[in-house]
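Values quoted throughout were computed directly from the atomic coordinates according to the rules given, and no laboratory measurement underlies them. Here the structure is a predicted model, which is why all the values come from computation and not from measurement. A quick note on method: Cβ atoms are made from the backbone with ideal geometry, for glycine too, and the neighbour counts reach across all protein chains shown.
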Amino acid sequence: MRQTILTQITNALAIRHSYYIRELDIQLYLANYFLQTGLYDNVFIEYHVPGVLMPPYLWTDANNIYIDIVLEKENQFYPIEIKYKTVSQPLPHLVFGQIVNVLLGQHGAQNIGCYDFWKDIKRIEFFEATFPLAQRGIVLFASNDLSYQNAPLNPNVGYAPFSIHQGRHVQAGTQLNWNGALAVANGRPGFIVNYDYTINWTQLPYHHQHYYILI
């Protein structure tokens, strides 16, 4: 089923002809796509997981754990986490039947963006390890910031262990942690990943400069 979901997400992204203005656009678009397939018993958005059910949990948002999408099929649950990190870019957008330009937000802080990707990976692993009916989930990371695809020029820079550059392979059992004692590491602890992961950026059709990782 997980491979079916991966294929459906790929197909859904491929047929989208308009830009995503914010992360919520992706979340609602995919949730609606899943609903239209008729394949799932339930499609949940902002699925709440009480923190008391998640020991040990590494992050301080333990009382406010929400999963972007959870798919239920035959009493099996598949969590999906979504991130959309952007740099400022004017995009055509349809507003009440009129095409206008809107400006994407400027997120910057690529070091935090990289960490947030791996945090979502680890959260997905936590859900699977904690709840017997939770299956291995999926992380979607989209961005128009091409710098994410490049390896750090200095492999010892603080965020390098969290890099999401094209072709990076991380083996199961790898410890991901910051290089050195950094202020940005406060509230962003390191962790060990349970599976092998390979980063492969794919261009979004019809979307200039927009790419995604699906893993």
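If Lys and Arg each add +1 and Asp and Glu each add -1, what is the summed charge of the other residues whose beta carbon sits under 11 Å from the beta carbon of GLN106? Before the final figure, lay out the partial values.
Working: positive: LYS85; negative: ASP145.
The answer is 0.
I want to check the label-to-label distance for HIS17 and MET1. Put each point 7 Å from Cα in the C-beta direction and report it in nm to one decimal.
3.4
State to the nearest 20 debye the size of the charge dipole of the chain about its Cα centre, where the only charges are +1 on K and R beta carbons and -1 on D and E beta carbons. Mind showing how you got there, number by number?
Values: 12 positive and 15 negative charges, 78 e Å.
I would put it at about 380 debye.
Return the whole-Å distance between the Cα centroid of the range 1-15 and the Cα centroid of the range 69-91.
12
Suppose R0 equals 41 Å; then what is the FRET efficiency for LEU58 and GLN98 from their Cβ-Cβ distance, rounded to the nearest 0.05? Write out the running numbers ahead of the final one.
Details: r = 46 Å, r/R0 = 1.13.
E(calc), rounded to 0.05, equals 0.35.
Given the rule -39500 (n - 2.57) for each run of at least 4 DSSP H residues, summed and divided by the residues of the chain, what is its mean residue ellipticity at 222 nm, to the nearest 500 deg cm²/dmol?
-8000 deg cm²/dmol
Could you state the per residue volume, in Å³, of the convex hull enclosing the Cα atoms of the range 2-214? Before the final figure, lay out each step's value.
Working: hull volume 28.3 nm³, N = 213.
Measuring per residue, one finds 133 Å³ for the Cα hull of the range 2-214.
Would you calculate the convex hull of the Cα atoms in the range 68-157 and tell me its volume per residue in Å³?
Convex hull volume per residue, Cα atoms: 126 Å³.
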